[in-house]
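A.B. asks: Pasting in a structure now, in structure tokens, and then I'll have a few things to ask.
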Amino acid sequence: MLRFVLVFCGMLALILNASAQNLPKGMTEAEKSMLPFYVFPEAKGITTPPSWTPRAMAEWEEIETLLITWTSYTSVLAQIVDAAQEECVVLIACSDSNQVKSYLNGAGVPLTNVKYLEVDYNSVWIRDYGAHTIYRDTVGASSLVDWTYNRPRPKDDNMPVEHAAWAGLPLYQMTNSPWDFIATGGNLMVDGFGTAISSELIIDENPSHTVAEIDTIMKRFLGINQYVLFPTLPYDGIHHIDMHMKLLDEETILVGEYPAGISDGPQIEANLQWLLANFMSCYGTPYKVVRIPMPPDGNDYPDDYGSYCTYTNGVFVNKTYIYPSYYTQYDTTAYRIMSESLSGYTLVPIDCYPSPIDASGAIHCITNCIGSSDPLLISHQPLSSPQTTAGNYPIDAFITHQSGIGSAYIYYKTTMSGSYQNVAMTNSGGDNWTGSIPAQNNGDTVYYYIQAQAVSGKTQVRPMPAPAGYWNFVVSNSAGLSENNSSWGMKDVYPNPASYITCIPVDGGNGFSGSLSLLDATGRTVQVLHNGVFPTGESNYFFNALAIESGMYFLHLESEQGIQVQKVLVRNF
């Protein structure tokens, strides 16, 4: 009883004074001690799922408001406000708006698009405790969806209530059984079309629910039809997906990459290959992957106790993308990769070293958003390059607005200095629109974007920064001959040692039939991983090391070309 009283008193003191603390993204030792006794705040919103079909907004869609909490890392927050206020309203939750205005004025930040919400708070990590925007039936009325924050920080947990009241939006809360759901926004990545990705931290945080029940909650509140859960990473103590991955659009994933064999690199790669082998983008095609370095903390990576430096922890603010920076030698590479991947976006790097990255968070973690109340949604899978057809180039797009679409156009040109020409798109049924770019000369590069106008008069473009941003492809009317590839066999398994999902790349050469098996140290077959045709080129196969005992195992690949054997050490802690 005495221990309970002491813990409760400590918890009460922390809660009363938390607004004055620079709380880390993860829990403090005091918070870990109090969590078993902590009672989460009562719901103040709608605690049952929407009666209509929700669609969770993707982060690259149009937003009306960027959200921050003014407490820790004010220099970084001021730079975010400076960049974001040119794109949308910035709403600052704070204890004293005059103090914030004074700081921003001193930093030379314009205040013309900044608003203030004087409320109580515990920490700066608004991505985790903030809400997510959903739309009714694709682009209808918007609402906010909130989950129970997985920290004993009641003021933070109440912030979505304050945001919803300020914006005049309904708030759905996943707080009451059977819909209770504990989560953090940094561990949620959404494509806008029914797919979401998180780490398996979600399972650990919700022990009262089965995975099937979690899937149902996500579907009913967020419209998620495909919920992909990755194994957590060995050296990422936060286990939030935004620390090493980010969706840049419906089919492109920005993935953090460590040097070979370093830190979480092998497990990130195995998780990624598992995703690519088992899931498709909303277009029914494989995801595209853009790799970006995970820089060290000085000379130390997370496996040597360095901070979890990452470039994937950025935020879209309409035509601007704000992301963390660290050291010039790595930042220049990151900027080049971002420029190539985010055509036309205004890129704003903000120095996050040593803080806030030493507290396990960066730009994405200290920002959140409220989506447009009047979204005009355009989704298009860009044409691949090269285009080898001798005729026109068909452009298809999904375009929708609650008032209907009045017109849509493709804008295109073949030189950077040239002027865009346009061709009209026609409705091909439902929300689908189609048009064609006229045939161009062999060797030309075609730059294009899509513009649509709703019946209400609202216009939108995609890519969002168009005409400065665009998609492009090269015209090639003569396809080259493919090289003969006679090599075959296993490449290095990773991660090795293995403790979770483990990837075995196999080069199929020109294609062959055979079998790939996992054997124990005695030669007994533990699992047949594949039996049949190994297709031309490289394919990936997987086993879950968590399901077998620790020890030495052998991967055994057998075909008419011969037999290959590779060792893999399973180490389950």
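The values are calculated or read from the model by the stated rules, or taken from the named source; none is laboratory data. Fair warning: this is a prediction, and the values are worked out from it, not measured in the lab. All Cβ positions, even for glycine, are placed from backbone atoms using ideal geometry, and neighbour counts span all protein chains on display.
A.B. asks: Which condition from (1) at negative phi; (2) touching a residue at least 40 places away in the same chain (Cβ under 8 Å) is the one that residue 213 breaks?
C.D. replies: Tallying (1) at negative phi; (2) touching a residue at least 40 places away in the same chain (Cβ under 8 Å), residue 213 fails exactly one: (2).
A.B. asks: So which residues in segment 524-573 are on the phi > 0 side of the Ramachandran plot and in contact with a Ser or Thr (Cβ under 8 Å, 6 or more places away or on another chain), if there are any at all? Lay out the reasoning, then the answer.
C.D. replies: Restricting attention to segment 524-573, the residues satisfying the condition of being on the phi > 0 side of the Ramachandran plot are 532, 537, 551, 562.
Of everything in segment 524-573, just one residue is on the phi > 0 side of the Ramachandran plot and in contact with a Ser or Thr (Cβ under 8 Å, 6 or more places away or on another chain), namely 532.
A.B. asks: Now for a separate question. I need every pair where a residue in segment 284-308 that is on the phi > 0 side of the Ramachandran plot has its Cβ under 7 Å from the Cβ of a residue that is part of a loop (DSSP other than H, G, I, E, B), sequence separation at least 6 or different chains.
C.D. replies: Sorted first by the residue in segment 284-308, then by its partner, the pairs are 298/306.
A.B. asks: Related question: Within segment 377-427, restricting attention to residues that are over 32 Å from the mean Cα position of the chain (by Cα) and among the aliphatic types (A, V, I, L, M), which residue is surrounded by the most Cβ atoms within 10 Å (Cβ to Cβ)?
C.D. replies: Step by step, filter segment 377-427, then rank; the result is 423.
A.B. asks: Still on this structure, please answer the following. Please specify each residue of segment 166-188 satisfying the condition of being under 14 Å from residue 206 (Cα atoms) and either of a type in the set (Gly, Ala, Ser) or in contact with a Pro (Cβ under 6 Å, 6 or more places away or on another chain) (or both). Working first, answer last.
C.D. replies: Step one: of segment 166-188, the residues under 14 Å from residue 206 (Cα atoms) are 174-184, 187.
Of everything in segment 166-188, those that are under 14 Å from residue 206 (Cα atoms) and either of a type in the set (Gly, Ala, Ser) or in contact with a Pro (Cβ under 6 Å, 6 or more places away or on another chain) (or both) turn out to be 177, 183.
A.B. asks: Mind listing whichever residues of segment 379-432 are part of a strand (DSSP E or B) and either among the β-branched types (Val, Ile, Thr) or touching a His at 6+ places or on another chain (Cβ under 9 Å) (or both)?
C.D. replies: 395, 396, 397, 398, 399, 400, 405, 410, 423, 426
A.B. asks: Pick from 58, 78, 83: which is in the same structural domain as residue 314 (by TED's automatic domain parsing), outside any helix (DSSP H, G or I) and of a type outside the set (Ser, Thr, Tyr)?
C.D. replies: After applying the criteria, what remains is 58.
A.B. asks: Collect the residues in segment 459-468 that are over 15 Å from residue 342 (Cβ atoms) and crowded, with 19+ Cβ neighbours inside 10 Å, keeping them in residue-number order.
C.D. replies: 460
A.B. asks: Report every pair of residues separated by at least 6 positions or lying on different chains whose Cβ atoms are under 8 Å apart, first residue within segment 175-194 and touching a residue at least 12 places away in the same chain (Cβ under 8 Å) and on the phi > 0 side of the Ramachandran plot, second surrounded by fewer than 19 Cβ atoms within 10 Å (Cβ to Cβ) and assigned to a strand (DSSP E or B).
C.D. replies: 194/226
A.B. asks: When residue 345 is evaluated against the numbered criteria (1) touching a Pro at 6+ places or on another chain (Cβ under 6 Å); (2) more than 28 Å from residue 143 (Cα to Cα), which criterion, by number, is the only one it fails?
C.D. replies: (2)
A.B. asks: Would you call residue 471 surrounded by 14 or more Cβ atoms within 10 Å (Cβ to Cβ) and at pLDDT 95 or above?
C.D. replies: Spelling it out, residue 471 is indeed surrounded by 14 or more Cβ atoms within 10 Å (Cβ to Cβ) and at pLDDT 95 or above.
A.B. asks: Looking at 308, 345 in this structure, which one is under 18 Å from residue 83 (Cα atoms) and either out of contact with any Leu (no Cβ under 8 Å at 6 or more places or on another chain) or buried (at least 17 other Cβ atoms within 10 Å of the Cβ) (or both)?
C.D. replies: Residue meeting the stated conditions: 345.
A.B. asks: Does residue 32 meet the test of being assigned to a loop (DSSP other than H, G, I, E, B), surrounded by fewer than 21 Cβ atoms within 10 Å (Cβ to Cβ) and of a type in the set (Lys, Arg)?
C.D. replies: Judged against the criteria, residue 32 is not a match.
A.B. asks: Can you find a residue that is more than 20 Å from the chain's Cα centre (by Cα), closer than 25 Å to residue 181 by Cα and not in a strand (DSSP E or B) anywhere in segment 100-114?
C.D. replies: Checked segment 100-114: no residue is more than 20 Å from the chain's Cα centre (by Cα), closer than 25 Å to residue 181 by Cα and not in a strand (DSSP E or B).
A.B. asks: Going by what's in this entry, would residue 370 be described as surrounded by 15 or more Cβ atoms within 10 Å (Cβ to Cβ), touching a helix residue (DSSP H, G or I) at 6+ places or on another chain (Cβ under 8 Å), part of a strand (DSSP E or B) and in contact (Cβ under 8 Å) with a residue 24 or more places away in the chain?
C.D. replies: Against the criterion (surrounded by 15 or more Cβ atoms within 10 Å (Cβ to Cβ), touching a helix residue (DSSP H, G or I) at 6+ places or on another chain (Cβ under 8 Å), part of a strand (DSSP E or B) and in contact (Cβ under 8 Å) with a residue 24 or more places away in the chain), residue 370 qualifies.
A.B. asks: Going residue by residue through segment 156-172, is there one that turns out to be in a strand (DSSP E or B) and touching a strand residue (DSSP E or B) at 6+ places or on another chain (Cβ under 7 Å)? Spell out the reasoning first.
C.D. replies: First pass over segment 156-172, keeping only residues in a strand (DSSP E or B): 171-172.
Right, trim to touching a strand residue (DSSP E or B) at 6+ places or on another chain (Cβ under 7 Å) and you get 171-172.
Yes, segment 156-172 has at least one match.
A.B. asks: Separate question: Six or more apart or on different chains, Cβ atoms under 7 Å: show the pairs whose first residue is in segment 498-525 and closer than 25 Å to residue 487 by Cβ and whose second is part of a loop (DSSP other than H, G, I, E, B) and among the hydrophobic types (A, V, I, L, M, F, W, C).
C.D. replies: Between residues of segment 498-525 that are closer than 25 Å to residue 487 by Cβ and residues that are part of a loop (DSSP other than H, G, I, E, B) and among the hydrophobic types (A, V, I, L, M, F, W, C), the close pairs are 502/493; 503/493; 504/493; 507/488; 508/488; 509/488; 512/488.
A.B. asks: From the list 170, 160, pick out the single residue that is at pLDDT 95 or above and surrounded by fewer than 20 Cβ atoms within 10 Å (Cβ to Cβ).
C.D. replies: Among 170, 160, only 170 is at pLDDT 95 or above and surrounded by fewer than 20 Cβ atoms within 10 Å (Cβ to Cβ).
A.B. asks: What do you reckon, is residue 234 surrounded by fewer than 20 Cβ atoms within 10 Å (Cβ to Cβ), in contact (Cβ under 8 Å) with a residue 24 or more places away in the chain and within 20 Å of residue 360 (Cβ to Cβ)?
C.D. replies: yes
A.B. asks: Only one of (1) farther than 23 Å from residue 428 by Cα; (2) crowded, with 21+ Cβ neighbours inside 10 Å; (3) free of Cβ contacts under 8 Å to residues at least 60 places away in the same chain fails for residue 354. Which number is that?
C.D. replies: With (1) farther than 23 Å from residue 428 by Cα; (2) crowded, with 21+ Cβ neighbours inside 10 Å; (3) free of Cβ contacts under 8 Å to residues at least 60 places away in the same chain applied to residue 354, the lone miss is (2).
A.B. asks: Any residue at all in segment 432-444 that's within 28 Å of the chain's Cα centre (by Cα) and either surrounded by fewer than 15 Cβ atoms within 10 Å (Cβ to Cβ) or within 30 Å of residue 63 (Cβ to Cβ) (or both)?
C.D. replies: yes
A.B. asks: Moving on to the next point. Can we say residue 197 is closer than 26 Å to residue 362 by Cβ, touching a Pro at 6+ places or on another chain (Cβ under 8 Å), modelled with pLDDT of 95 or more and part of a strand (DSSP E or B)?
C.D. replies: Numbers: closer than 26 Å to residue 362 by Cβ: yes; touching a Pro at 6+ places or on another chain (Cβ under 8 Å): no; modelled with pLDDT of 95 or more: yes; part of a strand (DSSP E or B): yes.
No, not satisfied.
A.B. asks: Residue 386 fails exactly one of the following numbered conditions: (1) within 30 Å of residue 136 (Cβ to Cβ); (2) of a type outside the set (Lys, Arg); (3) in contact (Cβ under 8 Å) with a residue 60 or more places away in the chain. What is the number of that condition?
C.D. replies: All conditions pass for residue 386, except number (1).
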